[in-house]
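Got a structure for you, written out below as structure tokens; questions coming shortly.
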Amino acid sequence: MSAGHDHDASQALLEQVNQARAEGSPVQIRGGASKAFLGRPVVGAELDTRAHRGIVNYDPSELVITARAGTPLSELSAALEAAGQMLPCEPPHSDDGATLGGMVAAGLSGPRRPWAGSVRDYVLGTRVISGLGLHLRFGGEVMKNVAGYDLSRLMAGSFGCLGLITEVSLKVLPIPRCAAHLALHIDPQQALQRLAQWGQQGLPISAACHDGSALRLRLEGGEGSVKAARERLGGEPFQASWWQDLNDRRLAFFAGATPLWRLSLPNHRPLLELPGEQLLDWAGAQRWLRSQAPAETIRAAVKHLGGHATCYSANDTPFQALPAALLRYHQQLKQRLDPQRIFNPGRMYAEI
């Protein structure tokens, strides 16, 4: 498909869903397949959203963009950049394979996450094909039909288990006027301590990652504030492209066959005593771990510190088990939106 291709394939997608409902057979939703490795395997006919693409509406003065689910993130970002704007949640592009629908379904955010918010925070509205065979625009009476849930935001991080996203409206923001990228050669524990201190001081930090040898910082904002922070913090400059390599897991740290884990923790927690290599992102709130340690050991250590662990390598249980009460809520929501379990059954948990 050529760049800029615009096509509404919603009717064809709806027909595929209704055929699956009539046959009682599940479907496996796919976009660019850039995140196909994440989650449990799904058995079902492939439902490809990539033909359903294009920017539906974009008025830079309103700071809102609406596009179809199959729109490549690279295309969306190019349109925003041309107007001096961006997706603040900084979703990974995965070498341009990622689509807008996959971005929302996976809910993954980039280095700016602790300072700017998550994918969910920028979703203003969606159109979704439900497991009842209806193409719905969320808002108004549809929300009332599901007991008041904000369904547009519930779609973020649902991995396609609740319905087929066909269209998304997102809030966008201006690209910062000035940026600087600094590397400070301190150890990880010192980095966590300093980041905790700086968090109380209003510094214009928009990304902070310790890569094992240095604490890398991105400063963004007005020219004066960035210059003052740069002079105060010191450090050595490095290329801005490093952050995209981190976001798309292209750094040397991510290479190799050792199992990869994404650990989510409160950022003030100390270093985890686990075998393997660690990379600290999000000022310590997101930690990547390369380790041969048993899954039970990793998850127990992370849970003890108030976090959870997701396995990015082949694993029967990639997502940490939910408490019984929370699992029941997930099952009830699945039952309301997809009673025949058509969409991505078992992708997140066997019970959903």
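Residues of the chain: accessible area per residue at 1.4 Å, in Å²?
For the chain, the solvent-accessible area averages 46 Å² per residue.
Related question: For the chain, with a Gaussian network of springs between Cα atoms less than 10 Å apart, report the residue from GLY101, GLY24, GLY160 with the top mean-square fluctuation.
GLY24
Please compute the contact order of the range 152-218 in relative form: average sequence separation of alpha-carbon pairs under 8 Å and at least six residues apart, divided by the residue count, as a percent.
33 percent
Separate question: How much length is gained on full extension from VAL64 to GLU273, taking 0.36 nm per residue of separation minus their Cα-Cα distance?
Length gained, VAL64 through GLU273: 70.9 nm.
To the nearest 10 degrees, how steeply does helix 295-304 sit against the main Cα axis of the chain, on a 0 to 90 scale?
70 degrees
With θ set to phi - 60°, apply the Karplus curve 6.51 cos²θ - 1.76 cosθ + 1.60 along the range 248-265 and write out the HN-Hα couplings as whole Hz, x wherever there is a Gly or Pro.
Result, rounded to whole Hz: 9, 6, 9, 5, 4, 3, 8, 7, x, 9, 4, x, 10, 10, 10, 10, 10, 9.
Provide the per-residue ³J(HN,Hα) series for the range 183-189, in order, calculated from phi with Karplus coefficients 6.51, -1.76, 1.60 and θ = phi - 60°, each as a whole number of Hz, with x at glycine and proline positions.
Once rounded to whole Hz, the list reads 10, 10, 8, 10, 7, x, 5.
Give the relative contact order (percent, whole number) for the chain; include only Cα pairs under 8 Å separated by 6+ residues.
19 percent
Give the range of the longest stretch in the chain that excludes all GluC sites (Glu not before Pro) found in loop regions by DSSP and having at most 16 other beta-carbon atoms within 10 Å.
That would be 1-272.
Same structure, new question: Give me the one-decimal nm value for the distance between modelled label points at GLU236 and ALA324, 7 Å along each residue's Cα-to-Cβ direction.
Each label point is offset 7 Å from its Cα along the Cβ direction, giving 5.5 nm.
Could you check which residue among GLY32, GLY276, GLY163 shows the biggest mean-square fluctuation in a GNM of the chain with a 10 Å Cα cutoff?
Judging by the Gaussian network model, the answer is GLY276.
Which entry is the computed semi-axes √(5λ) of the Cα gyration tensor in Å for this structure: (i) 35, 25, 17; (ii) 43, 30, 15; (iii) 33, 23, 22?
Calculated semi-axes √(5λ) of the Cα gyration tensor in Å: the matching label is (i).
Please list 3J(HN,Hα) in residue order for the range 126-137, calculated via the Karplus relation 6.51 cos²θ - 1.76 cosθ + 1.60 where θ = phi - 60°; whole Hz, with x for glycine and proline.
9, 10, 9, 8, 8, x, 9, x, 10, 9, 10, 9
So, one more: How far, in nm, would the chain grow between ASP187 and HIS5 when pulled straight, counting 0.36 nm per residue and subtracting the alpha carbon separation?
Additional length available on full extension: 60.7 nm.
Which far-off residues, 5 or more places away or on another chain, put their amide H under 5 Å from the one on VAL56, with H placed in the peptide plane?
For VAL56, whose amide H was placed from the backbone, the distant partners under 5 Å are THR66, ALA67, ARG68.
For the chain, with a Gaussian network of springs between Cα atoms less than 10 Å apart, report the residue from LEU271, LEU47, LEU108 with the top mean-square fluctuation.
Sorting by GNM fluctuation, first place goes to LEU271.
The values are calculated or read from the model by the stated rules, or taken from the named source; none is laboratory data. The structure presented is a predicted model; accordingly, all values stated were derived computationally and were not measured. Reconstructed Cβ throughout: ideal geometry from the backbone, glycine too, with neighbour counts over all protein chains shown. Please note that ligands, DNA and RNA were not included when accessible areas were found on the heavy atoms of the full protein model with its side chains. Shrake-Rupley method; radii C 1.70, N 1.55, O 1.52, S 1.80 Å.
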